[in-house]
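This report concerns only the one structure given below.
The values are calculated or read from the model by the stated rules, or taken from the named source; none is laboratory data. Predicted model only: the values in this text are computed from it and were never measured. Here the Cβ positions follow ideal geometry from the backbone for every residue, glycine too, while neighbour counts run over all protein chains shown.
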Amino acid sequence: MKILYVTSEAAPFAKTGGLGDVAGSLPPALAREGAEVAVALPLYRRVRDRYGDQLTFECYDYVDLAWRHIYCGLFSMKKDGVTWYFFDNEQYFDRPELYGYLDDGERYAFFSRAVVRMLDRMAFWPEVINANDWQTALVPIYLKDDGVREDRYRSIKTVFTIHNIEYQGRFNPYVLGDLFGLDPGWVQDGTMLMDGDLNLLKGAILSADAVTTVSPTYANELKMAYFAHRLESIMRQCEYKLHGVLNGIDTEVFDPATDKRITYNYSVEDMSGKAKDKAELQRMLGLREEPDMPIVGIVSRLVSHKGLDLVCEVIHDMMGLPMQLVMLGKGDQKYEEFFRWAGQQYQGRMAVVLDYNEDLSMAIYSGADLFLMPSRSEPCGLSQMIAMRYGTVPIVRETGGLRDTVQPYDALRDAGNGYSFANYSSGDMLYVLRTAVYLYKDYPKTFARLRQRAMESDFSWKRSANAYLGIYAGLWGQVWPDPALAAEEAASVEEAAPVEEVAPVEEAAPVEEAAEPVPAEAAADGATKKKSAKKKHSGK
């Protein structure tokens, strides 16, 4: 299967958030599963500066966008089994940042137009194009528009992935022709018109053959007004082609046993390195070096939908617990000012760094004991997966991908890989945080088992890649994986596997006593949690 993945950012070339992580990991995972994959990206200044000597010039052409006749260069490189294509225009992309410019609409319209018009300059003609978020929402629209005049474009199926529906690409409808080069009919028939605005995201959702989003729970949430930012009716209309596929993380990059970004390496079998990373984090941030005091970490953009209002409401109650708090992030001024003030109030027990710092974030993932994500909404979330990979137990609100990845701790069964709460309530958050802190302090062996389950959770891209390939194949009436190939692979594995003889059991093995009894208080907490999990979202 031939897949072209179109994105405005991808790690390690250019990244500002979760989209970059996904676009940098999913295409190589698709390639490992047997697909032929290429990725289309703008040639940003930071890409040219860092990777310019590794790029191969393919060709150049001129792209027509409304009345403009614009130069476009095409560069490529091969990496991780994927062909990466970079679209060059210095007027649009030779800038210090990726986004945030007044002409972003024109910049990404050019990129989308260039991808469609230069398909025949690439290594293969794709069977499926997967576009992502509003910056590339025009790709399925341009394909439909060109397909009216050229049969070859009708041979391509399109998938559109929503990473965060809050960002929709909204413009004045009068710029449809002058800015995007499209006929007024796209607005007049309602395809791209929403609440009086030209809405690129709506147009892509209606035009694409399939729509995906980044977790099963988020796919269901997008049919509700609370989460869909006024597009709930469109999402319900397109429910028949909507799929929720949980993102993964690169388990080779995020591996505490080999990661060179952390001070000391460790694994499930030997956790001694994590204790050293914790001590290093305390020294680095000026916290009291107390090995038995749990560190709660927050690595987040400081914006309202991340649930930071809950933390602000109960910060004094939180710091009244036997814990330390570390926060890393940057964002809205009101949150920056509040947490800067709070850090000064609790010096030695609370450290606040208002910055984006990847090295420090990895120090927090590896050195903290608990990781707090009280998001009001979270399409998927990668931080909780990374935290679990590094043995930092997550505390999350049950929304989007957080609900799909974190199974709440159940003391009665000694099960689960983290903590969660259902209502958007500071009281509920504080209750669960208190439970986690006291489990860490009073029942270290029970907490160690919880931590181990978190580290052993499978968040690899293999599962996600096969789900996407199933969607791609379904557009062509096919099944993935091909049944004949799957049967052949299973037969070869069965033939290669040695048959192990099982010795007869002579007597029953003695039942091993638990190293530590399940705490009664924790058991009660677990029962309460099970009841709480059944409550409906309060909608606050």
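If only residues of the stretch 288-326 that are aliphatic (A, V, I, L, M) and in a loop (DSSP other than H, G, I, E, B) are counted, the one that is surrounded by the most Cβ atoms within 10 Å (Cβ to Cβ) is MET323. Filtering ALA342, ALA368, ALA363 for residues that are crowded, with 19+ Cβ neighbours inside 10 Å, farther than 21 Å from LEU433 by Cβ and modelled with pLDDT of 95 or more leaves a single hit, ALA363. Within the stretch 11-23, being free of Cβ contacts under 8 Å to residues at least 24 places away in the same chain and either closer than 16 Å to THR212 by Cβ or assigned to a helix (DSSP H, G or I) (or both) holds for one residue alone: GLY20. Filtering the stretch 2-18 to residues that are polar (S, T, N, Q) and either at pLDDT below 95 or farther than 19 Å from TYR472 by Cβ (or both) leaves SER8, THR16.
Within the stretch 210-244, the set of residues being under 25 Å from GLU127 (Cβ atoms) and either of a type in the set (Gly, Ala, Ser) or buried (at least 23 other Cβ atoms within 10 Å of the Cβ) (or both) comprises ALA210, VAL211, THR213, VAL214, ALA219, GLY244.
For (1) under 26 Å from CYS59 (Cβ atoms); (2) at pLDDT below 95, each residue gets a yes or a no:
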position: ALA123; (1), (2): yes, yes
position: PRO126; (1), (2): yes, no
position: ASN132; (1), (2): yes, no
position: LEU143; (1), (2): yes, no
position: ARG154; (1), (2): yes, yes
position: VAL159; (1), (2): no, no
position: GLN168; (1), (2): no, no
position: LEU179; (1), (2): no, no
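Looking across LEU439, LEU402, LEU382, LEU412, one residue alone is under 23 Å from ASP292 (Cα atoms) and either touching a helix residue (DSSP H, G or I) at 6+ places or on another chain (Cβ under 8 Å) or crowded, with 22+ Cβ neighbours inside 10 Å (or both). It is LEU439.
Scanning the stretch 71-119 for residues that are among the aliphatic types (A, V, I, L, M) and crowded, with 16+ Cβ neighbours inside 10 Å yields LEU74, VAL82, LEU98, ALA109, ALA114, VAL115, VAL116, MET118, LEU119. Being over 16 Å from GLU58 (Cβ atoms) and not β-branched (Val, Ile, Thr) is a property that ARG113 has. Given the conditions (1) on the phi < 0 side of the Ramachandran plot; (2) surrounded by 15 or more Cβ atoms within 10 Å (Cβ to Cβ); (3) under 31 Å from the mean Cα position of the chain (by Cα), and given that ASP133 satisfies all but one, which numbered condition is not satisfied? Just one mismatch for ASP133, condition (1). Residue count for the stretch 396-418, restricted to those that are without any contact (Cβ under 8 Å) to a residue 60 or more places away in the chain and in a strand (DSSP E or B): 3.
A single member of ILE234, ILE165, ILE205, ILE156 is touching a residue at least 60 places away in the same chain (Cβ under 8 Å) and hydrophobic (A, V, I, L, M, F, W, C), and it is ILE165.
All of VAL63, VAL22, VAL82 fail the test of being within 29 Å of LEU246 (Cα to Cα), of a type in the set (Val, Ile, Thr) and at pLDDT 95 or above, apart from VAL82. All conditions but one from (1) modelled with pLDDT of 95 or more; (2) of a type outside the set (Lys, Arg); (3) closer than 25 Å to TYR5 by Cβ; (4) in a loop (DSSP other than H, G, I, E, B) apply to ILE249; the one that does not is (1).
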